[in-house]
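Contents: one structure, followed by commentary.
The values are calculated or read from the model by the stated rules, or taken from the named source; none is laboratory data. Treat the numbers as computed from the prediction; the structure is a model and nothing was measured. Backbone-built Cβ (ideal geometry, glycine too); neighbour counts: all protein chains shown.
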Amino acid sequence: MRFSGKNVLVTGASRGIGASIAKVLAAYGLKVWINYRSSYEEADRLKKEIEEAGGEAAVIGFDVSDEKAFVDAIKTVIDSDGELSYLVNNAGITKDKLAIRMSVEDFESVIKANLTSAFVGCREALKVMSKKRFGSVVNISSIVAESGNAGQVNYSASKGGMIAMTKSFALEGAARNIRFNAITPGFIATDMTEKLKEEIKQSYIDKIPLKRFGNPQEVAEAVAFLLSDHASYITGETLKVNGGMYI
Ligand code: NAP
């Protein structure tokens with residue numbers, strides 16, 4: 001995979017899809033900034049794993065819901081490397097509940113953690129990438145942004161907002177050669193889906209044409225493609241990685 005840029009910040013990279021994105025991008029030669037919120041040990045273990053494989057990585061702990069912390073983290077990257085070439089807004093949470101039992105707090109906290117945080121990341125990336133007239137951002141949305149899902153009114157709203165926001169950022173970034181794209185993973189085997197009851201998991205698998213959950217690396221390779229020079233004419237796009245579950 002060909003990359004003109006040199007470094008990437010991946011939010012929520014201590015576990016799951018984010019950790020896989022970090023490993024894949026490091027293997028393609030990028031210096032990876034591994035963000036975590038509370039799992040320092042996992043993030044540090046991942047850094048060592050990347051370095052042992054011959055890659056370059058740094059660990060950066062902050063809560064993406066904290067605007068100042070996110071802005072400061074991007075400054076730290078710039079102070080260290082002189083630029084931020086790529087950003088992956090991957091950190092995300094769920095707080096599932098049927099809508100009739102969902103409080104405004106349950107709703108807004110997921111919007112803040114998933115959507116507002118991605119807005120701050122995109123905004124700061126656009127500012128710093130504008131100086132070099134180069135950059136690419138991938139936002140990790142979800143299949144439920146496209147299909148809806150009972151029990152996930154808050155989560156699906158946050159992920160649907162991400163797709164619309166990505167298109168608008170793409171229009172604002174294009175004149176400066178900064179691309180913004182989104183990925184909508186289907187059901188991927190991580191801690192997030194491990195929480196589901198066995199019978200619920202099986203009912204989802206029955207609905208997936210490829211008859212299995214995806215693995216994090218399959219999402220990571222799609223992220224790498226969209227960030228890379230191979231996708232240099234793709235912006236504002238949403239790429240489904242869902243085993244055919246929603247076409
Ligand atoms: P996961 O296994 O639960 O891991 C979540 C990651 O996000 C962890 O590294 C966690 O860090 C980090 N994180 C959460 N809140 C954070 C915050 N406020 N600040 C910084 N980091 C934070 O999740 P996943 O399954 O890999 O999901 C990754 C992304 O893909 C999410 O945006 C999710 O919505 C999306 N997605 C997942 C699936 C799926 O089936 N798994 C499907 C569609 C979309 P700590 O370990 O430090 O808490």
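Taking the stated definitions as given, is Gly214 free of Cβ contacts under 8 Å to residues at least 40 places away in the same chain and surrounded by 15 or more Cβ atoms within 10 Å (Cβ to Cβ)? Considered against the rule, which asks whether it is free of Cβ contacts under 8 Å to residues at least 40 places away in the same chain and surrounded by 15 or more Cβ atoms within 10 Å (Cβ to Cβ), Gly214 comes out as yes. Among the residues of region 144-163, the ones that are β-branched (Val, Ile, Thr), within 13 Å of the ligand (Cβ to nearest atom) and in contact (Cβ under 8 Å) with a residue 40 or more places away in the chain come to 1 in all. A single entry from Ile50, Ile21, Ile74 fulfils the requirement of being modelled with pLDDT of 95 or more, over 25 Å from Ile178 (Cβ atoms) and in a helix (DSSP H, G or I): Ile50. Among the residues of region 50-57, not a single one is surrounded by fewer than 17 Cβ atoms within 10 Å (Cβ to Cβ), of a type outside the set (Lys, Arg) and near the ligand (Cβ under 8 Å from one of its atoms). Within the set of pairs 6+ apart or on separate chains, which have a first residue in region 36-55 that is in contact (Cβ under 8 Å) with a residue 24 or more places away in the chain, a second that is assigned to a helix (DSSP H, G or I) and more than 15 Å from the ligand (Cβ to nearest atom), and C-beta atoms under 7 Å apart? Within 7 Å, the pairs are Ile50/Ala26; Ala53/Ala27; Gly55/Ala26; Gly55/Ala27. When you scan region 24-47, how many residues do you find that are assigned to a strand (DSSP E or B) and either of a type in the set (Phe, Trp, Tyr) or under 25 Å from Gly214 (Cα atoms) (or both)? So the answer is 5. Of all residues in region 19-35, those being more than 17 Å from Asp81 (Cβ to Cβ), within 9 Å of the ligand (Cβ to nearest atom) and touching a Leu at 6+ places or on another chain (Cβ under 9 Å) number 1.
When you scan region 122-143, do you find a residue that is closer than 21 Å to Ala26 by Cβ, without any contact (Cβ under 8 Å) to a residue 12 or more places away in the chain and in a loop (DSSP other than H, G, I, E, B), even just one? The answer is no, given that none of the residues of region 122-143 is closer than 21 Å to Ala26 by Cβ, without any contact (Cβ under 8 Å) to a residue 12 or more places away in the chain and in a loop (DSSP other than H, G, I, E, B). Of all residues in region 90-112, exactly one satisfies the criterion of being in contact with a helix residue (DSSP H, G or I) (Cβ under 9 Å, 6 or more places away or on another chain), part of a helix (DSSP H, G or I) and away from the ligand (no atom under 16 Å from the Cβ), namely Ala99. Of the listed requirements (1) more than 9 Å from the ligand (Cβ to nearest atom); (2) in contact with a Gly (Cβ under 6 Å, 6 or more places away or on another chain); (3) of a type outside the set (D, E, K, R), Ile60 misses just one: (2). Pairs linking a residue in region 188-206 that is farther than 20 Å from Gly244 by Cβ to a residue that is within 9 Å of the ligand (Cβ to nearest atom) and in a helix (DSSP H, G or I), with Cβ atoms under 6 Å and 6 or more positions apart or on different chains, are Asp191/Gly16. In the condition set (1) more than 12 Å from the ligand (Cβ to nearest atom); (2) out of contact with any Lys or Arg (no Cβ under 6 Å at 6 or more places or on another chain), Asp229 is compliant with all but (2).
Restricting the first member to region 233-247 and to residues that are under 13 Å from Glu146 (Cα atoms), and the second to residues that are among the basic types (Lys, Arg) and not in a loop (DSSP other than H, G, I, E, B), the beta-carbon pairs closer than 9 Å and six or more apart or on different chains are Thr238/Lys167; Met245/Lys207; Tyr246/Lys240; Ile247/Lys240.
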